[in-house]
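Each remark here refers to the structure printed beneath this line.
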Amino acid sequence: MTQDNKLSLAEKYWDYFKIGAAVNVNDFSGIQGELLKTHFNSITAENAMKFGEIHPEEDRYDFEKADAMKTFAKSNNILMRGHTFVWHNQTSNWVFTDKNGREASRELVLERLTQHVKIICDRYKDIVYAWDVVNEAIEDKSGQQYRETAWRRILGADYIQTVFEIVKAQDRKAALVYNDYNNEHPEKLEKTCHMLEILLKNGTPVDSVGIQAHWNIRDISLIDNLKRAIERYAALGLKIQVTEMDVSMFDFNDRRNDLKLPTDEMLELQAQVYDDIFSVFRQYKEHVTSVTFWGISDAYTWKDNFPVFGRKDWPLLFNVSGAKKAAFDRVVDFYE
Ligand code: 9MR
């Protein structure tokens, strides 16, 4: 198969959904920058817009990185996803602490969150088309519905609805997303639908489910699970955004750390899995509105440090030199 070298992933998927990548500020030049400009029409800050990064102290915001992202996006016709407002990670303790060092009251945390959301929305809503409003609020442990977090403890059991309403009041246009990992797995899917049904029944302004899609090449249930999940979420009237996709070479429980390069068998299997996944996304294009990779090329991926610290992984469509992998060719090889 010959591929046009200039073929753009985002252009190929123009009539389907946006194609995004998670970025850091050093991605805007060199090979990563070229890949972004050619193949992507959406970016998500991998870290720069998380609460603790952009608002490290009560009276101090650090907009530098997020502003640089917005500038890059604007000059290249790219839109942004806003990631993320309410999460149990990467949120500074000051948010939950009062001036006497005690746990802050509900009223104080609400006031701080509202102010934070207002400032971020005012600054970025001209370019942000979707906000990850609440991230990873479902508990992984069997039989438990919600993750116990400071947000939930302080704001109360209906905090998710409250947070969506706060964001809606500041940005009436962007899609508001509930984002999580493994939410295509049967048990977490049930928990997520349970939560969403309650939210929708109560009139919560939630528009989309974010399926993070931290996947791997060995998961034989993936495609069935994915189809079922998309159908369930769509049946609730919600759109689906694929928010953090990568397809690791390693099963989650595989702690091997002896490979310098991916094997041919791995690369071929990865190409097949990506092919299958994108066929599903295309099949459900009425419901899927964006597909974001959690990185640009294998030159840098958070998977290099998770779940095995320092183990190289190769989960994306471009290799460590920025060249297209077999997976890329398969993802763009369709005529419909
Ligand atoms: O990729 C992010 C990594 O650089 C950070 O160290 C980590 C900190 O928690 O967060 C990673 O991104 C996460 C994302 O924000 C939410 N879903 C899971 C992602 C991978 O851990």
Boolean, VAL242 is in contact with a Ser or Thr (Cβ under 8 Å, 6 or more places away or on another chain) and not in a helix (DSSP H, G or I): yes
Answer yes if at least one residue in segment 318-326 is within 17 Å of ILE211 (Cβ to Cβ) and within 21 Å of the chain's Cα centre (by Cα), and no otherwise. no
Top-ranked residue in segment 199-239 [being open to solvent by less than 40 Å² (accessible area, probe 1.4 Å) and touching a Lys or Arg at 6+ places or on another chain (Cβ under 7 Å); ranked as farthest from ASN253 (Cα to Cα)]: PRO205
If a residue has to be open to solvent by 20 Å² or more (accessible area, probe 1.4 Å) and among the aromatic types (Phe, Trp, Tyr) to count, how many in segment 123-165 make the cut? 2
When residues of segment 171-198 are filtered for being in contact (Cβ under 8 Å) with a residue 60 or more places away in the chain and either within 16 Å of the ligand (Cβ to nearest atom) or open to solvent by 60 Å² or more (accessible area, probe 1.4 Å) (or both), how many remain? 3
State yes or no: is GLU148 acidic (Asp, Glu) and touching a strand residue (DSSP E or B) at 6+ places or on another chain (Cβ under 7 Å)? no
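Here is a yes/no grid of residues against (1) more than 16 Å from the ligand (Cβ to nearest atom); (2) modelled with pLDDT under 95; (3) open to solvent by less than 30 Å² (accessible area, probe 1.4 Å):
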{"position": "MET1", "(1), (2), (3)": "yes, yes, no"}
{"position": "LEU7", "(1), (2), (3)": "yes, yes, no"}
{"position": "ASN26", "(1), (2), (3)": "no, no, no"}
{"position": "ALA48", "(1), (2), (3)": "no, no, yes"}
{"position": "ILE54", "(1), (2), (3)": "no, no, yes"}
{"position": "LYS70", "(1), (2), (3)": "yes, no, no"}
{"position": "ARG81", "(1), (2), (3)": "no, no, yes"}
{"position": "HIS88", "(1), (2), (3)": "no, no, no"}
{"position": "LEU108", "(1), (2), (3)": "yes, no, no"}
Taking segment 56-68 and keeping only residues that are in a helix (DSSP H, G or I) and open to solvent by 10 Å² or more (accessible area, probe 1.4 Å), one is left with GLU64, LYS65, ASP67, ALA68
It is to be established whether one or more residues within segment 253-271 are closer than 14 Å to ASN216 by Cα and crowded, with 22+ Cβ neighbours inside 10 Å. yes
Out of curiosity, is ALA157 under 22 Å from THR114 (Cβ atoms) and within 16 Å of the ligand (Cβ to nearest atom)? no
So is THR91 in a loop (DSSP other than H, G, I, E, B) and closer than 25 Å to TYR178 by Cβ or not? yes
Report yes if LYS168 is surrounded by fewer than 21 Cβ atoms within 10 Å (Cβ to Cβ) and within 16 Å of the ligand (Cβ to nearest atom), otherwise no. no
Can you name the residue in segment 310-331 that is assigned to a helix (DSSP H, G or I) and in contact with a strand residue (DSSP E or B) (Cβ under 9 Å, 6 or more places away or on another chain) and, of all such residues, is surrounded by the fewest Cβ atoms within 10 Å (Cβ to Cβ)? PHE328
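The values are calculated or read from the model by the stated rules, or taken from the named source; none is laboratory data. In this text the structure is predicted, and so the values were computed from the model without any measurement. Methodologically, a virtual Cβ is constructed for each residue, glycine included, from the backbone with ideal geometry; neighbour enumeration extends over all protein chains shown. These area figures cover heavy atoms from the full protein model, side chains too; ligands, DNA and RNA do not enter into them. Shrake-Rupley method; radii C 1.70, N 1.55, O 1.52, S 1.80 Å.
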